[in-house]
Protein chains: 2
Amino acid sequence: MVARRATVRDMRRSNRSVLLSKIYLDGPLSRHELTQLTSLSPASVSTLVAEFIEEGLVEEAGSVESDGGRPRVLLRAAPGFGHVIGVDVGETRVTVELFDMSMAALGKADHPIERATLAPEMMVGHVLDGIGAVIAQSGVNAEAILGMGIAVPGVVDQGDDGLVHAQSLGWDGVPLRAMLRAGSSIPIHMDNGAKTLGQAEMWFGAGRGVDHVVTALVGSGVGASVVAEGASYRGARSSAGEWGHTTIMYGGRLCRCGARGCLEAYVGAEGILDRFREANRGKAAEGIDEESAIGAMIADADSGASRAAEVVLSETVGYLGAGIATLVNLFNPERIVLGGWAGLALGGRWLPEIRAAAAEHALRRPFEQVSIELCQLGPDAVALGAATLPVAALLANGGVRARAESPRPLRISGL
Amino acid sequence: MVARRATVRDMRRSNRSVLLSKIYLDGPLSRHELTQLTSLSPASVSTLVAEFIEEGLVEEAGSVESDGGRPRVLLRAAPGFGHVIGVDVGETRVTVELFDMSMAALGKADHPIERATLAPEMMVGHVLDGIGAVIAQSGVNAEAILGMGIAVPGVVDQGDDGLVHAQSLGWDGVPLRAMLRAGSSIPIHMDNGAKTLGQAEMWFGAGRGVDHVVTALVGSGVGASVVAEGASYRGARSSAGEWGHTTIMYGGRLCRCGARGCLEAYVGAEGILDRFREANRGKAAEGIDEESAIGAMIADADSGASRAAEVVLSETVGYLGAGIATLVNLFNPERIVLGGWAGLALGGRWLPEIRAAAAEHALRRPFEQVSIELCQLGPDAVALGAATLPVAALLANGGVRARAESPRPLRISGL
DNA sequence: AGACTTATTTCATATCATAAACTGGATCTG
DNA sequence: CAGATCCAGTTTATGATATGAAATAAGTCT
């Protein structure tokens, strides 16, 4: 609501951003189409496009035949303008991927992590190694890397040091951005993994072209990424969307967060398996990990081999529907995208039932206005989503690169 | 994220808006202070302020002595620049109030409503009568009325017709804006009553100066108004913030919305009284209406006269805390403002307990970042909040009045 | 070949924020 | 009490910008 002051330069930047975003996200488009889509004048489109081409941001991409008239020249964002890196810092591995501007993958490095070595310094080492590896693999000029996006399984304070709070890694206030900056001059963008996955779905998956989307992620943990009016909803301190710990059964099952009755305690993988064991006279589901155990449950429920699995999963669908209804009622989105490996497993089999359960618990009107869909990109899109962060920053800035910083020695602040 | 194209005119409007909003919301201020607060240049501030004074939007308000230097001249929004009307369309009455720009009340008209006469045509009649009455009372020039804000107990589609969906009035798609426009040339702004109350608290109450606020309203109904980054969070179709029908007890009490386990069924006035009756061996709380009945319960719980009241209210505090925790986890606000008559009654007595219950169910970090406070303006601020809508529109538009429309005959669209 | 159609570019113009220079209005100092 | 000093606010010249209108480019159609 309270806008900032504007100068003619801001105007230029804003218009460049509008135009470049259209070309990048909806291209290829002709100058003529761009004037209509952006409501900029033909003169301005012409001038700005000329700038973009001059700068290498945009290139011509053939033309469209006309039926009596000058043919339109199509424009697209130049895939080779620069490269971006996406990093998925997970609980079990670090994945680093390098993309060109069209998000075509040019290199990938994977590093499994043992539980014992979650120390931030180790993690930073893995990330930097991975970056070196993908640059070497792809042979791109390190100067041409616009930035890297880091997805972490926790909350990121968007301050200068990029403090990360991630319970699952045992991190509480780790200055990850500052630590990475000490080892690399590539501009760093950071966000929560659920939010980057949501971002990937917004640009390339089930959220394309929609402005109000909540991506609901169900795996071992349960979280959500909220996009409103095309922009990520972060809240005051970037921790919005903690869907897994909303109370759905007051006084109910104990959650690993310490509270009772959290959604995660019912629809998170661990919660499902615990409930199954209880329903199955103490006998756990078979599988070497959570994912295969839940896969086995679904198969057994489907084949009728396990009544307990059938009951527990059917209850899970109910809880999940109620949880989705909470999102619908509070955020009033146009679309709910259900993802995460457990969400995909459940949704792949029972999406209509999940929709019905949500309908039961949501208000009629907002429910009628929402469509509930499955994730399209799969759980590995976290790094892809992370890599969109520097691209999003470039677009928001009208195509002007953030200046690369020289590596800054890590300074311990405070005390 | 996707900004719109900008012209020099937009820039001017935006800068006027920034400057005027500062003067209105934080004034009186000197030109010098304004340059620092808005980061506009002294030259621009000078020019724009001169325009505002010329147009009557702003006036000088004394000066501040200096210690060796030219004294600063203070500026404030001119209270007499125009007038605004706020209308609270409630389930039991229609209240119309007229204010000057400083939100000083200059006239008020109240019209009780019998349950039988909720027909939209009647309601429109009451509103128009009320407007005539407050204009006559206050003696202001009808031309000088900038606009009216209408608060309704339901969802408002922000389209041209201003369709209103209000279950409690039995309205489903009533084109209230179009109907009012047929009887008045004053520009019309509409919103949900909870949202206008939240808006009032943002400007003049417990939400002042905070950018991320959720106002939680507990009365007969239960709802919330979400403000993020200083702007109302509406969702895709303006129905965001339906907190009352989030599931807090899966499979629990039947709510009047038809679902089971809604928060409203536990902490809404009716839910509290129902639960008390059940706990009190079928004997209801005493009082001619819900408000006095709950007042009596609180008094009895306090004095130890009723163990049942004590238990039920203590449980209510728990449910309310869990509901608030859901808001904290999902929206990550800086402040929760608890209001509504029942919310104030409960909060007035048990605010520390409510905070503690919220702490139990919220994640530690977001809970530490939020302060939970009581509403400051009371439930009658709905009309005041509604009246801020035209002022907000004026500020957003840089002080340029929406042109008054000539009354447009009501056209039934469709069919 | 000439008419026509549509896309894009060029050019003159008006709007705007701003830096820098300047003026206004007060206190302080010797 | 003169003038030095300090700070608030105003004026002026400048450069950046989007745009409407006119011109041009690049085709098809007859």
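The values are calculated or read from the model by the stated rules, or taken from the named source; none is laboratory data. In this text the structure is predicted, and so the values were computed from the model without any measurement. Here the Cβ is made from the backbone with ideal geometry for all residues, glycine too, and neighbour counts use every protein chain on show. Ligands, DNA and RNA are excluded from the accessible area calculation, which covers all protein heavy atoms including side chains. Shrake-Rupley method; radii C 1.70, N 1.55, O 1.52, S 1.80 Å.
What the Kirkwood sum gives for the protein assembly as shown is a hydrodynamic radius of 29.0 Å, with every pair of different alpha carbons counted. The tail of the calculated P(r) for chain B beyond 41 Å holds 21 percent of all Cα-Cα pairs. Quick one: net charge of A:W341's neighbours, Cβ under 12 Å, K/R +1, D/E -1? So the surrounding residues net to -4. Remark: mean inter-chain Cβ contacts per residue of B:5-14 equal 5, using a 10 Å Cβ-Cβ cutoff to other protein chain atoms. Binning all Cα-Cα separations of the stretch A:208-374 at 5 Å, short to long from zero, yields these whole-percent fractions: 2, 9, 18, 22, 20, 14, 8, 4, 2, 0. Among the residues of the stretch B:300-345, those with an accessible-area drop of 50 Å² or more from chain alone to full protein complex, heavy atoms and 1.4 Å probe, are B:N329, B:L330, B:F331, B:N332.
With Cα atoms defining each centre, the stretch A:129-168 and the stretch A:297-349 are spaced 33 Å apart in the structure. Once the chain from A:I53 to A:L254 is taken as fully extended at 0.36 nm per residue, the excess over their C-alpha distance is 66.5 nm. Taking every C-alpha pair closer than 8 Å and separated by at least 6 residues, the mean separation divided by the residue count of the stretch B:208-374 gives a relative contact order of 23 percent.
Structure remark: mean-square fluctuation, Gaussian network model of chain B, C-alpha springs under 10 Å; the largest value among B:M148, B:M202, B:M249 belongs to B:M249.
Provide a whole-number value for the mean count of partner chain Cβ atoms within 10 Å of the Cβ atoms in peptide A:258-266.
Per residue, the number of nearby Cβ atoms from other chains is 3 on average.
Within chain B, the longest run free of trypsin sites (Lys or Arg not before Pro) that sit in a DSSP loop with at most 14 other Cβ atoms within 10 Å is B:5-207.
Relative to the longest principal axis of the Cα atoms of chain A, the long axis of helix A:341-361 lies at roughly 80 degrees.
A dipole drawn for the stretch A:208-374 from +1 and -1 charges on Cβ atoms has a positive end, and of A:A345, A:N332, A:A285 the residue lying farthest that way is A:N332.
Under a Gaussian network description of chain A, with springs only between Cα atoms under 10 Å, the residue in A:G162, A:G80, A:G258 that fluctuates furthest is A:G258. Considering the dipole of the protein assembly as shown built from charges on the beta carbon (Lys and Arg +1, Asp and Glu -1) around the Cα centre, which of A:S185, B:S306, A:T388 is farthest to its positive end? Most positive-ward Cα: A:S185.
Think of a 1.4 Å ball rolled over the protein heavy atoms: the protein assembly as shown then has 42 Å² of accessible area per residue. Compared with the dominant principal axis of the Cα atoms in chain A, helix A:120-138 is inclined by about 50°. Report the residue, chosen from B:G86, B:G252, B:G147, that carries the largest GNM mean-square fluctuation when chain B is represented by alpha-carbon nodes joined by springs under 10 Å. Top of the fluctuation ranking is B:G252. Buried accessible surface for the A/B pair, both sides summed and rounded to the nearest 100, is 5500 Å² with a 1.4 Å probe. Here the stretch A:190-271 exposes an accessible surface that is 43 percent carbon and sulfur, computed with a 1.4 Å probe and the other protein chains kept in place.
When the charge dipole of the protein assembly as shown is built from unit charges on Cβ atoms (+1 for Lys and Arg, -1 for Asp and Glu) and taken about the Cα centre, the candidate among B:A200, A:G62, A:P28 whose Cα reaches farthest toward its positive end is A:G62. Pairs spanning more than 27 Å between alpha-carbon atoms, out of A:K108/A:K195; A:K195/B:K22; B:K22/B:K195: A:K195/B:K22.
Remark: mean inter-chain Cβ contacts per residue of B:365-373 equal 3, using a 10 Å Cβ-Cβ cutoff to other protein chain atoms. Here A:G251 yields copy-to-copy label distances, from shortest upward, of 1.4 nm, the label point defined as 7 Å from Cα along Cα to C-beta.
B:G221 sits among other residues whose Cβ lies under 12 Å from its own Cβ, and their net charge, with Lys and Arg +1 and Asp and Glu -1, is -4. Volume of the convex hull of the stretch B:145-203 (Cα atoms only), normalised per residue: 80 Å³. The same position B:E54 in the other copies lies at 3.6 nm from this copy, comparing label points 7 Å beyond Cα toward the beta-carbon, shortest first.
Counted by Cβ distance under 13 Å from A:G385, the other residues give a net charge of -4, where Lys and Arg count +1 and Asp and Glu count -1. Evaluated at 25 °C with a viscosity of 0.890 mPa s, what Stokes-Einstein diffusion coefficient in µm²/s does the stretch B:8-77 have when Rh comes from the Kirkwood expression over alpha-carbon pairs? Translational D for this selection: 202 µm²/s.
Helix A:381-396 sits at what angle to the longest principal axis of chain A, using alpha carbons and giving 0 to 90 degrees rounded to 10? Value to nearest ten degrees: 30.
Taking the protein heavy atoms of the stretch A:8-77 in the context of the full set of protein chains, the accessible area attributed to carbon and sulfur is 48 percent at 1.4 Å. Of all DSSP-defined beta bridges confined to the protein assembly as shown, some 65% are antiparallel rather than parallel. Placing a label point 7 Å from the Cα of B:A182 along the Cα-to-Cβ direction, the distances to the matching points in the other copies come to 7.2 nm, shortest first.
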